[in-house]
Amino acid sequence: MMILFLLSTTWSLQVDGAGYFRLESSDRIVYTREGNFKVRGGLLVHESGYPLTPPIRVPSGIEGSLTFRPDGKVLAHTGGTETVIGAIVLARFDVPVSTDANGIVRTSQRPRIGQPGELGLGLVRFRHANASMDASAKGGGFTYGFVLNEEVELSAAEIRVGDVAWLQTCRERTRSRAW
């Protein structure tokens, strides 16, 4: 029996130039220039737990196929086709704003809102935070998981992951070396 535990795919996004990602907190819109994003509850969510606004809804099972274009378009690659599933909207302030220790801006200023690359807004840059730079630069990426060995008998005081499982990527389906 083979069991595959998938690790969540995480993307490191940042604004290259002027602008901030818009995030929805419980009581207001907050802003950040960068962060790690993942899919949680079907939405693209910042590491702070705040989802992007407007929300980017990610259909179940395609998390590992997402890429982000500099113009903010979020693409899903499934069945050999590329589909736009949403677009990131950026905000820009006319006067400087300050961030908290987590890189979040909370302000009562009204920002200018627009698509990345328009109205003097920067562009969206990304890389997979849990994949190699080479994989993300090619527009691909990998979802990693551990496959448990079928039969394992352990009697050692110390057990390593390589003793009970091996790492597998969903794209390559090749067995990696145990650590």
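Here are some notes:
- Residue-level accessible surface for E24, protein heavy atoms, 1.4 Å, Å²: 90 Å²
- Model label zone, E34; criterion: amide N under 12 Å from point 7 Å along Cα-to-beta-carbon; scope the range 108-127: 125-127
- Hydrodynamic radius of the range 14-92 by the Kirkwood approach over all distinct alpha-carbon pairs: 12.9 Å.
The values are calculated or read from the model by the stated rules, or taken from the named source; none is laboratory data. Note that the structure is a prediction, hence the values are computed from the model and not measured. All Cβ positions, glycine included, derive from the backbone under ideal geometry; neighbour counts span all protein chains shown. Each accessible area value is taken on the protein alone, full model and side chains, heavy atoms only, with ligands, DNA and RNA left out. Shrake-Rupley method; radii C 1.70, N 1.55, O 1.52, S 1.80 Å.
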